[in-house]
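Enquirer: I have a structure here, written as structure tokens, and I will follow up with some questions on it.
The values are calculated or read from the model by the stated rules, or taken from the named source; none is laboratory data. In this text, all values refer to a predicted model and were calculated from it rather than measured experimentally. Every residue, glycine among them, receives a Cβ derived from its backbone with ideal geometry; neighbour counts consider all protein chains shown.
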Amino acid sequence: MRYHPAYSLILFSAASFFMLSTARAGTPETYPYSAAYQPCITHSSNELDMLTCISDEHQKWDARLNKIWQQTLKERQNQPAWRQAQRTWIKFRDQQCDIYNYAGNGSGDKTLGELCLLNMTIERTLQLENPRWPAS
């Protein structure tokens, strides 16, 4: 398949729509991406470039999630329940993001699936970083 310049615009629009559509009713969701992420996405010329940007950002957030997860296990009571909750969350995240991986979605399916994984990782990280969560 030949690359068409409008492809990046369409894919970026779809990814932006996905980010906004995952928000709570009436409130657009904004994610605290790193300073390097948005310029990386903006300057991507194809899907592979976008996937690289998303993957790099996901690695940063995954490392942050792993760090807060270890801290959570040390500081909170009922560690077996927390471990089970995290296993359940990982299954939920994977199944939720798998909805974007189907043939009818065209070549953007991988990008939307990876963007879903990134955004759900950010959400989980922010949850665990909040000492009042889940009571807040």
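Enquirer: Only one of (1) surrounded by fewer than 16 Cβ atoms within 10 Å (Cβ to Cβ); (2) without any contact (Cβ under 8 Å) to a residue 60 or more places away in the chain; (3) at negative phi fails for Ile41. Which number is that?
Expert: (1)
Enquirer: Now a separate question. For Ala63, which of the numbered conditions (1) among the small types (Gly, Ala, Ser); (2) outside any helix (DSSP H, G or I); (3) modelled with pLDDT of 95 or more fails to hold?
Expert: The one condition Ala63 does not meet is (2).
Enquirer: With the condition kept exactly as written, say whether any residue in the stretch 93-104 is of a type in the set (Gly, Ala, Ser), at negative phi and at pLDDT 90 or above.
Expert: Initial filter on the stretch 93-104 (of a type in the set (Gly, Ala, Ser)): 103-104.
If we keep only those that are at negative phi too, we end up with 103-104.
Next, only the ones that are at pLDDT 90 or above stay: none.
No, that holds for no residue.
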